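Single-structure report; data block below.
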Amino acid sequence: MKWNLFCCAAVGILTFCHAPLGLAEEKTASPYNVLFILADDLGWRDLGIYGSVYHETPNLDRLARRGLRFTQAYAANPLCSPTRSSILTGLYPARIGITSPACHLPQAVLEKGLVPPQPNVRIRTANSLTRLKPEYVTLAEVFREHGYMTAHFGKWHLGHSGPYEPKEQGFMLDFPNTPAAPGPGGGYLAPWKFIKDPAIQGQPGEHIEDRMSQEAARFIEENKDKPFYLNYWCFSVHSPWSAKPELVEYFKTKAKDDSPQRNPVYAAMVKSLDDAVGRIVEAIDKAGLAERTIIIFFSDNGGFAYPPKNETQPPGYAEIPATSNTPLRSGKASIYEGGTRVPLIIVWPGHTQPDSVTDVLFSSVDFFPTILEMCGLPLPGHKVDGVSQVPAILGKGPVRTRVFCHFPHGGENQAQQIPGFLPSAYVRDGDWKLIRFFAGNPDGTDRFELYNLREDIGETHDVAAEHPEIVGRLAKELEGFLQDTDAVIPQVNPDYRGPQTPDPLMGWKNRGCEATIAAGVLKLQAQTATPFLGFGVGKQPGPVQVTFRIKVPQAGEGKIEWIPPGASQDAAQSVPYSVTGTEMTTVTVRVPWEKPIGILRIYLPTGANTAEVDWIELETASGKRRFDF
């Protein structure tokens, strides 16, 4: 059952009282519409208005000049699903329990806890929930209760099947209805492999943002005489790295070797995002709704500041980072500033000053109370973690002095590629930012880093040793936040066996074939008729999604086999997979086994005497593990 939606019994009386709370003297004849545009993985410096000289974002730049631009806005988590849950509910991901982007997985995890201990992993991290529980009241539900039309376009990634899809969470329309898709698998250009509805297929080469923005524009035109709340949650600019070929060629001509942002595929993806935003804003203007539509633009986490080397890239660009968040440190999946500081634009007609900028602190949990107050709607009758930013938006000063983030995931191996991808939490208090790395010291105690962001925005100089009194004060603030939200705290694994001798195969065993690694590719040479790679998953329960990139000399069919713990070969089960060509191909297979998995095997396609494997990825409800050879 949902929590009590309203603290006022006379719901009907409140239905169209849309003067913002505290602004009753400015009553409007018609209620405000809300257009919430959420980019996926867009970095703090990816827009021209935010300082990019390589990317081209004329529509978003014009949008920013219509309203207020924030320089210190934060996603509540450095990954997507947690931030999305915070926007819709006004609650911290730590409280909800969705702390990683695991909501596309088939297994419904609905209770907080730690992952099962593994002997080769030093820290037990959180086992993220994989669904946004229906008990939480969403923005869409509040708006719908007050007579609004509600629509969701694009990525959801907060659960699928049953009561977890957008239409069960307050949205009357969901297009293109891909709640289980973490991204546009197979690429942005039609035919779209990630869209299951055969009726939603564009012309070959059509970009999904073009199609979605056209549908959103149609929704605006058809509902211009009714109040509406419209989520346009882009797939852009999440991987896979694919874009319109003509835009890629154009941005190749603009790339400069000495520029931190110079990846033409990513730049082309940003341009398609900007085109879509322009199309939707134009629909608002053409419908005559500009003066009564609040427009918000935000990103769910920081930019992907790492080389997309395992994706399709033009020759010479595979090792160039997709983007750069400079001067911020690191990016997506990092506890450092590049992971959570993001662009935010708010256009509130009659209230925001055109082309204005603010440096007040803003957290994604603040959207819930802020949007409702802007529209004159009451808060539900339960506590929310966010605070209304209406005074700050009106230029009356900051309402928030602290920002919190809890990220109980990552590990030492991942942090070598992504600085700050470690089990951690932070509090920002004024100019000071304290990071707590759970069990980060060799003896298992927590490690702290302290930065003065006014003097050191790039977090290059840890001053914790110089200011123990500030560390102590902020550590108490952070501990209070963790206790209040009932956050899952990573812990040292008592079963950890210590560092092992480096294994080039990272735990995989080659059977019936020789294995060598050259230039980051695992090369296999068959010695028997049934060569395979095996991995001891142990007692980790399934289902598991197995994804790998493989190249074989001929098309064929292989299989993924699993043998439960303690079982014999006779108990083995398998699911098939196919390789249809002779180029490097990405294969994804779902192993529908909900009990402990035991041993997992990837058999090479029949007749394949040789094979090249670029990488393997295993994903369960407890997280994702990637093996880059």
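Since every read-out is calculated from the coordinates, none of them should be taken as a lab result. The structure displayed is predicted, hence computed values, not measured ones. As a convention, Cβ positions derive from the backbone with ideal geometry for all residues, glycine included, and neighbour counts pool all protein chains shown.
Remark on segment 185-325: hydrodynamic radius 16.5 angstrom, per the Kirkwood mean of 1/r across alpha carbon pairs. For the chain, the Cβ-based charge dipole about the Cα centre amounts to some 700 debye (Lys, Arg positive; Asp, Glu negative; other atoms uncharged). The GluC sites (Glu not before Pro) of segment 120-184 meeting both criteria, a DSSP state outside H, G, I, E and B (loop) and at most 13 other C-beta atoms within 10 angstrom of the site's C-beta, are Glu135.
When a/c reaches 1.5 or more, the comparison of a/b and b/c decides; with that in mind, is segment 341-414 rounded, prolate or oblate per its Cα gyration tensor? The shape class here is oblate.
For segment 112-151, the alpha carbon positions stretch 54, 17, 10 Å along the principal axes, listed from largest to smallest.
Peptides 521-529, 434-442 ranked from most to least packed give 434-442, 521-529, packing being the mean of other C-beta atoms within 10 angstrom over each peptide's residues.
Of the peptides 581-589, 281-289, 224-232, the ranking by mean beta-carbon count within 10 Å, highest at the top, reads 224-232, 281-289, 581-589. Axis of helix 80-89 versus longest Cα principal axis of the chain: the two differ by about 30°, to the nearest ten degrees. Taking a ≥ b ≥ c as the square roots of the eigenvalues of the Cα gyration tensor, segment 509-628 is prolate, since a/c reaches 1.5 or more and a/b is larger than b/c.
Among residues other than Tyr496 with Cβ under 10 Å from its Cβ, the summed charge is +2 (Lys and Arg +1, Asp and Glu -1). With neighbour counts taken as other beta-carbon atoms within 10 Å, the residues Met374, Met149 rank, fewest first, as Met149, Met374. Dipole size of segment 402-450 about its Cα centre, with +1 on Lys/Arg Cβ and -1 on Asp/Glu Cβ: approximately 160 debye, rounded to the nearest 20. Taking GluC sites (Glu not before Pro) across segment 313-421, the ones in a DSSP loop with at most 11 further Cβ atoms lying within 10 angstrom of their Cβ are Glu319. Here the residues His406, His351, His146, His461, ranked from fewest to most Cβ neighbours within 10 Å of their Cβ, fall in the order His461, His351, His146, His406.
Filter Lys155/Lys559; Lys112/Lys196; Lys133/Lys286; Lys196/Lys509; Lys383/Lys476; Lys271/Lys332 down to the pairs with a C-alpha to C-alpha distance above 27 Å, please. Write down the numbers at each step before the final one.
Values: Lys155/Lys559 31 Å; Lys112/Lys196 31 Å; Lys133/Lys286 38 Å; Lys196/Lys509 36 Å; Lys383/Lys476 22 Å; Lys271/Lys332 20 Å.
Too far apart for the 27 Å limit: Lys155/Lys559; Lys112/Lys196; Lys133/Lys286; Lys196/Lys509.
Measuring nothing but how far apart in sequence close Cα pairs (under 8 Å, 6+ apart) lie, relative to its length, the chain scores a relative contact order of 17 percent.
Considering helices alone, the calculated mean residue ellipticity of the chain at 222 nm is -5500 deg cm²/dmol, with DSSP H runs of length four and up weighted by -39500 (n - 2.57) and normalised per residue.
Taking the Cα centre of segment 93-188 as origin, work out the dipole magnitude from +1 charges on Lys and Arg Cβ and -1 charges on Asp and Glu Cβ, in debye rounded to 20. Mind dumping the intermediate values first?
Details: 9 positive and 7 negative charges, 90 e Å.
Using only the charged Cβ atoms, the result is roughly 440 debye.
Toward the positive end of the charge dipole of the chain, with +1 on the Cβ of Lys and Arg and -1 on the Cβ of Asp and Glu, the farthest Cα among Ala255, Leu105, Ala526 is that of Ala526. Residue by residue, segment 240-250 carries 3J(HN,Hα) couplings of x, 7, 9, 7, 5, x, 5, 6, 4, 4, 4 Hz when phi is fed to the Karplus relation 6.51 cos²θ - 1.76 cosθ + 1.60 (θ = phi - 60°); x denotes Gly or Pro. Enumerate by residue number the trypsin sites (Lys or Arg not before Pro) in segment 463-506 meeting two conditions: DSSP loop (anything except H, G, I, E, B), and at most 15 other Cβ atoms within 10 Å of the site's Cβ. Passing sites in segment 463-506 are Arg497. Close amide-amide hydrogen proximity is noted between Gln540 and Ile597, Gly598, each under 5 Å apart and 5 or more residues distant or on a separate chain (H modeled in the peptide plane; Pro and chain starts excluded). Of the residues Ile560, Phe404, Ala267, the one whose Cα sits farthest toward the positive end of the charge dipole of the chain, with +1 on the Cβ of Lys and Arg and -1 on the Cβ of Asp and Glu, is Ile560. Look at [x] 36.7, 122; [y] 24.6, 82; [z] 28.1, 95: the one that is Rg and Dmax of the Cα atoms in Å derived from this structure is [y].
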